[in-house]
Every structure is written in structure tokens, then in C-alpha cells.
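Everything on this sheet refers to the single structure shown next.
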Amino acid sequence: MKNYFEIENLQVNYQTYEGEKNILDIEHLVLEKGKTFGLVGESGSGKSVLAQTILGILSRPPGVIKKGKIFFNGEDLLSKSEKAMRKIRGKQISMIFQDPMSTLNPVFTVGTQITKVIQQNQGVNKKEAIKRVIEKIELVKISDAQGIMHAYPHELSGGQRQRIIIAIALSCDAELLIADEPTRNLDVTIQAGILKLIAKLQKELNVSVLFIANNLGLVSATCDHLAMLHKGKIIEVGTTKDVLRNPQHSYTKAFIKAIPKEKTNE
Ligand SMILES: Nc1ncnc2c1ncn2[C@@H]1O[C@H](COP(=O)(O)OP(=O)(O)O)[C@@H](O)[C@H]1O
Ligand SMILES: [Mg+2]
């Protein structure tokens, strides 16, 4: 019996002019259902490549999946056809991307965009879709959901835009949410609100979350378990508490040192 989500011997390369370069080499990683799992690593360590590989949206080429299995609800995602993956994306696994402006289309109102996603994925009519959109916008705690529906992405603040992205990710009732550095482009004060929102939604909706970040402070505030990714390899994994108290790897220790003080004292 496989775990809810389990990666086995995953190797992903990139084709370059100098030949294939190994980007990910993950022997084993397990995510528990209904928990928030943090994946921490510096820029370039392979976090987004992993997220793309899970979702089946890695550009191939230049990406090459050399070997491995990614079990989700007992089935290997890597052996699925593109057609089958299209059904899983959005409906069962959803992603919050790191840059809201690249996800939102500047030409359409926020309402039009979310309505379209819901109509496509859930096969409901426009009226029902709009009703669900308003529910989702209220869920991510933006006041004036009706007004926001008619706004264009550039008319919203950074924090509001990221909340809309979360609403879109949630709009199809996915059970696993991959958040790829969801607060990367936001001010620290707004970051905290988004983190709280993700934590709250995780509990309320009982989704599982893979929370990707480039610093341990963000992850330690939100995640039950975490893994440190370094040059494509998992070098440390455990409960957040254990890793913070008793890091095994010098690389992890450096990340702990970089956490602002008030966050380690909680
Ligand atoms: N399109 C690409 N072509 C070649 N190499 C790439 C491409 N995208 C990413 N990489 C390589 O993959 C590595 C991991 O990238 P990425 O997963 O985006 O890092 P992270 O999200 O952790 O910052 C990078 O160091 C880079 O060398
Ligand atoms: Mg990235």
C-alpha cells in the first residue's frame, strides 16, 4: 500500500549544450494526506521543476524525466497520458504559481477568468459558475466580491491578486494544492496574511498542501513536515520541530540562522 503521495527514485535532467544536466535526484519523499508539507531550497535548487514534474507540465524537451514514480492516491502520475493528467490538474491537484501577474490574463476581468476555469472544469452553466466564483472570492477573504469580479488584474493590489490566484486554485475543489513560493513577490506584512489564509483554508477544506519556499521562516510557520532540497537532492527531512531543533546538515543550519528571531521563539 502506497502513501497518499509518494515519490520514488525520481530523476529529472535538463538538456543543455554540454549534454544532460541532472536537476532532480529524489530517492524518496512522502506527503501525508491533509497536512502541509514544506519544501525549502535556495533559488535554482529544483523546486519549480519538481512542481512542474508532479503536475505534468514540465517542458520536455529541454526537461527529461529519466526515471522514477510519483504515486498519488495509489497511481503513478508519471505513467499517465497527457489526457489523463489534464483531468487530474485542477480537479485533484492544483497549483498556486509564484507570480500572479503571469497567471492572470490582463485582458479579462478577474470574474471572467475564474468563471471560465470553473465552467471548463466542472461542466456547469455560467450562472452556476458565477455563483461558485463569488463563494471562492469570499473564501479567500477579499471583501466586495461582486466588485472584484468586475476588476482587471492590474486594478488589484499584490495581496489581492495572490488571493485571487488562490481562489482560482481552489475553484475546482482540488485535494492537493501545490503552492510554489506563493508570497515571493509580496511585502512581508502581506506575506503573513497570505500564509495565514493558506493555513486556514488547508484546515477548513481539509486539503493537503505542498508549500514551496526559499526560506525556512515561511515554512516553519505553516508546515507540519519539511524537506530541504539542495541541488536537486533531499538532504534533510522530518517534522518541522525536529528539523529546527536538531538539524543534521550544515546547509539546514545556515537556513535556520537566516530565520528572523521572533519566528524561532514561537
Ligand atoms: N528551461 C530550462 N532549461 C535548462 N535548465 C533549466 C531550465 N529551467 C530550469 N533549469 C535548471 O533547473 C534548475 C532548477 O530550476 P528551478 O526548479 O526553477 O529552481 P527553483 O524553483 O528552486 O528556484 C536551475 O538551476 C536551472 O539550472
Ligand atoms: Mg521556482
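The values are calculated or read from the model by the stated rules, or taken from the named source; none is laboratory data. Only a predicted model underlies this, so the values are computations on that prediction, with no experimental measurement involved. Neighbour counts are summed over all protein chains in view; Cβ atoms, including those assigned to glycine, are modelled from backbone coordinates with ideal geometry. Side chains are part of the model used for accessible areas, which takes the heavy atoms of the whole protein and leaves out ligands, DNA and RNA. Shrake-Rupley method; radii C 1.70, N 1.55, O 1.52, S 1.80 Å.
For the stretch 162-179, putting each phi into the Karplus relation 6.51 cos²θ - 1.76 cosθ + 1.60 with θ = phi - 60° gives couplings of 5, 5, 5, 4, 5, 4, 5, 4, 8, 5, 10, 6, 5, 9, 10, 10, 9, 10 Hz, in residue order, rounded to whole numbers and with x for Gly and Pro. Angle check, please: helix 110-122 long axis (alpha carbons) against the longest principal axis of the chain (alpha carbons), in degrees 0 to 90, nearest 10. On a 0 to 90 degree scale, this one is about 70. One equal scatterer on each Cα of the stretch 127-212, no solvent, Debye formula: the resulting log10 I(q)/I(0) at q = 0.12, 0.13, 0.14, 0.17 Å⁻¹ is -0.34, -0.40, -0.46, -0.69. For ASN185, no residue whose modelled amide H falls within less than 5 Å of its own remains once neighbours fewer than 5 places apart on the same chain are excluded. Expressed to the nearest 5 percent, the antiparallel share of DSSP beta bridges inside the stretch 156-236 is 40 percent. A DSSP coil position with no more than 16 other Cβ atoms inside 10 Å describes the following GluC sites (Glu not before Pro) in the stretch 16-76: GLU18, GLU32, GLU42.
Only one residue of HIS225, ALA254, VAL243 has its Cα farthest out toward the positive end of the dipole of the stretch 190-266, where Lys and Arg carry +1 and Asp and Glu -1 on Cβ, and that residue is ALA254.
Bridge orientation summary for the chain: considering DSSP beta bridges with both residues in this region, about 60 percent are antiparallel. Once backbone amide H atoms are built at 1.01 Å from N, GLU236 has MET228 as its partners under 5 Å, excluding neighbours fewer than 5 places away on the same chain. A helix-only calculation puts the chain at -11500 deg cm²/dmol for mean residue ellipticity at 222 nm, using -39500 (n - 2.57) for each DSSP H run of at least four residues, averaged over all residues.
Pairs exceeding 28 Å between alpha-carbon atoms, taken from LYS21/LYS257; LYS2/LYS241; LYS200/LYS241; LYS69/LYS91; LYS2/LYS66: LYS21/LYS257.
Can you work out the PRE-style zone for LYS91? Point 7 Å along Cα to Cβ, and I want the residues of the stretch 173-196 with backbone N under 20 Å. Zone members listed by number: 173-178.
DSSP beta bridges fully contained in the stretch 123-260 are about 55 percent antiparallel.
Label the stretch 1-112 by shape, choosing from rounded, prolate and oblate, from the square roots a ≥ b ≥ c of the eigenvalues of the Cα gyration tensor; if a/c is under 1.5 it is rounded, and otherwise prolate applies when a/b is larger than b/c, oblate when it is not. Verdict is oblate for the stretch 1-112.
Applying a DSSP loop filter and a limit of 16 other Cβ atoms within 10 Å to the trypsin sites (Lys or Arg not before Pro) in the stretch 1-88 leaves LYS2, LYS33, LYS35, LYS80.
Calculate how large, on average over all directions, the projected area of the Cα convex hull of the chain is; give the answer in nm² to one decimal.
15.0 nm²
Each part gets one Cα centre, and for the stretch 206-240 versus the stretch 31-99 those centres are 15 Å apart. Quick check: the angle from helix 188-205's long axis to the longest principal axis of the chain, C-alpha only, nearest 10 degrees? Between the helix axis and the principal axis of the chain, the angle is about 80 degrees.
Applied to the stretch 250-259, the Karplus parametrisation 6.51 cos²θ - 1.76 cosθ + 1.60 on θ = phi - 60° returns per-residue 3J(HN,Hα) values of 4, 5, 5, 4, 5, 5, 5, 4, 7, 6 Hz, with x for Gly and Pro. Taking amide hydrogens as modeled 1.01 Å from N in the peptide plane, which residues meet the under 5 Å criterion relative to THR36, leaving out close sequence neighbours? Under 5 Å from the amide H of THR36: VAL209, ASP224, HIS225. The 3J(HN,Hα) values that the Karplus relation (6.51, -1.76, 1.60; θ = phi - 60°) gives for the stretch 139-156 are, in residue order, 4, 8, 6, 9, 6, 6, 4, 4, x, 4, 3, 9, 8, 8, x, 6, 7, 9 Hz. Gly and Pro appear as x.
The residues of the stretch 79-208 present an accessible area of 50 Å² per residue when probed at 1.4 Å with all protein chains retained. Here the extension length gained between VAL188 and ASN22 equals 56.4 nm, from 0.36 nm per residue of separation less the Cα-Cα distance. Start at zero, step by 5 Å, and the Cα-Cα distances of the stretch 112-158 spread as 5, 23, 31, 24, 14, 4, 0 percent across the bins.
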